[in-house]
Amino acid sequence: MDFSLTEEQKLLKEMVREFAEREIAPYVDNWEREHLFPREVFRKLGELGILGMTTEPAYGGTKSDYLSFILALEELSRFSASVALTVSVHSSLFIKAIQEYGREEQKKKYLPRAAKGEILGAFSLSEPGAGSDAANLLTKARKEGNVFVINGIKSWVTTGSEADALILFAVTSGEKEKKRISAFIVDRDSPGLQILKIEEKMGFNSSPTAQIAFEECRIPTENLLGEEGRGMAIALKLLDGSRIGIAAQAVGLAQTALELGIRYAKEREAFGQKIASFEAIQFMLADGATLVEAARLLTYRAASLVDHNLPYTKEAAMAKLFATEAANKIAYIALQIHGGYGYSREYPIERLYREARVTTIYEGTSEIQRLVIARQLIREAEGLIS
Ligand code: CAA
């Protein structure tokens, strides 16, 4: 088994790191403190080709293998998990939805601008009463001539207030178990769409999370994405891929947390010595480094299954589960090493600790990842999938 990266992948990592050191690192604390969304950074990431890594060249993209895209997300997340999140949702949920399920006119309309960062996209599945139980959503889309009329409330929409368009999931027919959900592309300026509120969160302040109301919101029938009634399968398939992106985000964040812990341990003195010389600290660092490496390998493995056209639902869930739980443990360890200073806003580990917390929640909680893994294990045992 070859664990090495190709020359192109190494160059890509270097390019993203240089970009992030220049365009993100000096500003990230201010963005977070002031709740600023760095729109300009996404335009530049578009120019650099990073936003187009899931878009075919025929539609203006720089389509790469999935592992390369994952490496770019990991690298961005080392500097800002918020920026990595926006890129992940835009590229692996919004763009991929249209790239994989869109009709030709939809691809031509949205993909070239999305790949260049001229427009940003969001993904709107969750509702106030439907998070883990995503199929329990209540938003309805009824057909009237050549429009769909949408009514309902969507919540936890990443980039929701800034995105120019979003992938929306709504019930098009049936009740309860018989209900059929469909996917749509909805432009932000559609009449009847209103941003209700931007959530006040524990972290990720430079990634706005919106609650959006749809009241008699009319969109053309041609904005239906994929087959009518197949929306839930589309949502879950897309989430399989994007969960690998969240795993990569967790790996990047965890790597930085670990490095902050090492740096502090080498600087801080106690009892007449650098605290890095104490075994208690060394063991924490060793555990953290082992966790981050294991998380990275699971993440790269899941991405490589995508690249080899092999099933990856279970492996994506394993990567997401392990990497996000590991990021929380590592952020905890690194903050503990900082002692009282770790709890102060003066040190960046405090922000990373808060950011790590949500990674085990969004794009499917750790409990949902376990459920997905177990379902696949049982299906494999029954010989339904190989
Ligand atoms: N790939 C393709 N299709 C799939 C699939 C997969 N991995 N898993 C299920 N499906 C299909 C099923 O075959 C079924 O198709 P039919 O309608 O034709 O029968 C359909 O999708 C529904 O599947 P289930 O009956 O298995 O669905 P369920 O209601 O039992 O739920 C679940 C399964 C795993 C709990 C799922 O609801 C889930 O993953 N929940 C978590 C939701 C989630 O991750 N939300 C994140 C919100 S987005 C977000 O956070 C983004 C952001 O902005 C940060």
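What the table below lists for this structure:
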| item | result |
| --- | --- |
| Test: residue in region 262-273 that is buried (at least 20 other Cβ atoms within 10 Å of the Cβ) and part of a helix (DSSP H, G or I) | yes |
| Hits in region 118-148 - residues which are in a strand (DSSP E or B) and in contact with a Pro (Cβ under 9 Å, 6 or more places away or on another chain) | V147, F148 |
| Residue count, region 127-151 (criterion: surrounded by fewer than 19 Cβ atoms within 10 Å (Cβ to Cβ) and under 30 Å from R43 (Cβ atoms)) | 0 |
| So L111, is it under 13 Å from the mean Cα position of the chain (by Cα), modelled with pLDDT of 95 or more and closer than 22 Å to V186 by Cβ | no |
| Conditions (1) touching a residue at least 12 places away in the same chain (Cβ under 8 Å); (2) of a type in the set (A, V, I, L, M, F, W, C); (3) within 12 Å of the ligand (Cβ to nearest atom); number of the one not met by V186 | (3) |
| Where a residue in region 305-332 is assigned by TED's automatic domain parsing to the domain that holds A257 and touching a residue at least 40 places away in the same chain (Cβ under 8 Å) and its partner, wherever it lies, is among the basic types (K, R) and in a helix (DSSP H, G or I), with Cβ under 8 Å and at least six apart | A316/R243; A317/R243; A317/R370; A319/R243; A319/R301; K320/R243; L321/R370; A323/R296 |
| Residue match in region 123-134 (condition: within 10 Å of the ligand (Cβ to nearest atom) and under 19 Å from P191 (Cβ atoms)) | yes |
| E315 vs. criteria of a type in the set (D, E) and either within 16 Å of the ligand (Cβ to nearest atom) or farther than 30 Å from R268 by Cβ (or both) | yes |
| Extreme residue, farthest from the ligand (Cβ to nearest atom), among residues of region 161-172 that are under 21 Å from G102 (Cα atoms) and in a loop (DSSP other than H, G, I, E, B) | D164 |
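Residue-wise test of (1) more than 16 Å from the ligand (Cβ to nearest atom); (2) assigned by TED's automatic domain parsing to the domain that holds I70; (3) under 15 Å from T158 (Cα atoms); (4) not in a strand (DSSP E or B).
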{"residue": "K197", "(1), (2), (3), (4)": "no, no, yes, no"}
{"residue": "N205", "(1), (2), (3), (4)": "no, no, yes, yes"}
{"residue": "A210", "(1), (2), (3), (4)": "no, no, yes, no"}
{"residue": "E215", "(1), (2), (3), (4)": "yes, no, no, no"}
{"residue": "L238", "(1), (2), (3), (4)": "no, no, no, yes"}
{"residue": "G241", "(1), (2), (3), (4)": "no, no, no, yes"}
{"residue": "I244", "(1), (2), (3), (4)": "no, no, no, yes"}
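The values are calculated or read from the model by the stated rules, or taken from the named source; none is laboratory data. These numbers come from a predicted model, not from an experiment. Ideal geometry is used to build each Cβ from the backbone, glycine not excepted, and the neighbour counts take in all protein chains shown.
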